[in-house]
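Participant: Have a look at this one before I ask anything.
The values are calculated or read from the model by the stated rules, or taken from the named source; none is laboratory data. Here the structure is a predicted model, which means the values were calculated and not measured. Counting neighbours? That spans all protein chains shown, and the Cβs are built from the backbone with ideal geometry, glycine included. Accessible surface is based on the protein model in full, side chains and every heavy atom, while ligands, DNA and RNA are left aside. Shrake-Rupley method; radii C 1.70, N 1.55, O 1.52, S 1.80 Å.
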Amino acid sequence: MTHGLPFLPPPDEAPYRLAVETPAGTLTLHAGDAALTALSWHRRSADRPSPLLARAAADLKAYFAGTLKAFDLPLAPRGTAHELAVWAELCRIPYGETITYGELARRTGTVARAVGGTCGANPIAILIPCHRVTAAGGQLGGYSGGNGPDSKRRLLAHEARHAGIFALSP
């Protein structure tokens, strides 16, 4: 943890990677020796697994099965002090809930446009849940992962379903 944030300092290199098949598509986890550094959508290169990545893959599978509501993995995203503060606040948004970009800006002492850009720069999507931030007036807002807003919509629907917020019709 650095400066009161829930993150470790990013390593000089992240030599480990593991592709995981999920309902959101193929996600590739990247890590150094002690922490995850990135999650990329689609397979990026050959796997070079580690015990940490095996644990992260199991957690992702549990998340998509609806049995894991909070990740407890060491994270080391590379970012500015502002980005790290916003990403830390994202980690405080409960599973199945959303806040607006404006509320996130208020919580972090900045403006909505800045937090929107920071959400878009999030290197560890899903684990740092930027999908839980929506635009004002009930609008979805953007999403830089996977298939863009469609991926965001699916992640939010997944969490709502498993949080018991609403039931899908048969």
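Participant: Scan around Leu75 for amide H atoms under 5 Å from its own, H built in the peptide plane at 1.01 Å from N, and keep only partners 5 or more places away or cross-chain.
Facilitator: Hits under the 5 Å cutoff: Leu8, Leu36.
Participant: In addition: Largest first, please: the extent of the C-alpha atoms of the range 1-123 along each principal axis, to the nearest Å.
Facilitator: Over the range 1-123, Cα extents along the principal axes are 40, 33, 23 Å.
Participant: So what's the range 95-170 giving for Rg/Rh, alpha carbon basis, Kirkwood Rh from the mean inverse pair distance? Mind dumping the intermediate values first?
Facilitator: Numbers: Rg = 12.5 Å, Rh = 12.8 Å.
Using only Cα positions, Rg/Rh for the range 95-170 is 0.98.
Participant: Using the crude model of +1 on Lys and Arg Cβ and -1 on Asp and Glu Cβ, and no other charge, please compute the dipole size for the chain relative to its Cα centre, in debye to 20. Walk me through the intermediate numbers first.
Facilitator: On the way: 17 positive and 13 negative charges, 67 e Å.
Dipole magnitude for the chain comes out near 320 debye.
Participant: Let me ask something else. Note the full-extension length gain between Thr67 and Arg161 as 0.36 nm times their separation in residues minus their Cα-Cα distance, in nm to one decimal. Working shown, then result.
Facilitator: On the way: separation 94, 0.36 × 94 = 33.84 nm, distance 1.17 nm.
Taking Thr67 through Arg161 to full extension adds about 32.7 nm, to one decimal.
Participant: Also, quick follow-up: How many Å² of accessible area per residue for the range 14-170, probe 1.4 Å?
Facilitator: Values: 7420 Å² over 157 residues.
For the range 14-170, the per-residue accessible area is 47 Å².
Participant: I would also like to ask the following. Summing Lys, Arg as +1 and Asp, Glu as -1, what charge do residues with Cβ under 12 Å from the Cβ of Thr100 carry, Thr100 excluded?
Facilitator: Details: positive: Arg106, Arg107, Arg132; negative: Glu97, Glu103.
It works out to a net charge of +1.
Participant: List the cysteines in the chain whose Cβ has no other cysteine Cβ under 4.7 Å from it.
Facilitator: If one checks each Cβ against the other cysteines of the chain, Cys91 turn up with nothing under 4.7 Å.
Participant: While we're here: Go through the range 96-102 residue by residue and turn each phi into a ³J(HN,Hα) via Karplus (6.51, -1.76, 1.60, θ = phi - 60°); whole Hz please, and just put x for glycine and proline.
Facilitator: The phi angles translate into x, 10, 10, 10, 8, 4, x Hz.
Participant: Give a quick list of GluC sites (Glu not before Pro) in the range 57-148 that DSSP marks as loop, anything other than H, G, I, E or B, with at most 10 other Cβ atoms within 10 Å. Before the final figure, lay out each step's value.
Facilitator: Values: sites: Glu83, Glu89, Glu97, Glu103; in loops: Glu97.
Answer by residue number: there is no such site.
Participant: Also, I was wondering about something else. At 7 Å along Cα-to-Cβ for each site, give me the label-to-label distance between Asp12 and Ala58 in nm.
Facilitator: Result for the modelled spin labels: 3.2 nm.
Participant: Here's something else I'd like to know. Could you put Ser50, Ser45 in order of accessible surface area, largest first, with the 1.4 Å probe and the full protein assembly present?
Facilitator: Values: Ser50 20, Ser45 45 Å².
Most to least solvent-accessible, the answer reads Ser45, Ser50.
Participant: Quick check for me: using +1 on Lys/Arg Cβ and -1 on Asp/Glu Cβ, what's the dipole size of the range 1-95 about its Cα centre, in debye to the nearest 20?
Facilitator: Value, rounded to 20: 220 debye.
Participant: Right, next: Heavy-atom accessible area of Lys69 with all protein chains present, probe 1.4 Å, nearest 10 Å²?
Facilitator: 80
Participant: Something else: If you roll a 1.4 Å probe over the chain with all protein chains in place, what percent of the accessible area is carbon or sulfur? Let's see the in-between values first.
Facilitator: Numbers: 4580 of 8450 Å².
Carbon with sulfur: 54 percent of the solvent-accessible area.
Participant: Normalized C-alpha radius of gyration of the range 110-150, against 2.2 N^0.38 Å? Mind showing how you got there, number by number?
Facilitator: Details: Rg = 9.8 Å, N = 41, 2.2 N^0.38 = 9.0 Å.
Cα-based Rg divided by the globular estimate yields 1.09.
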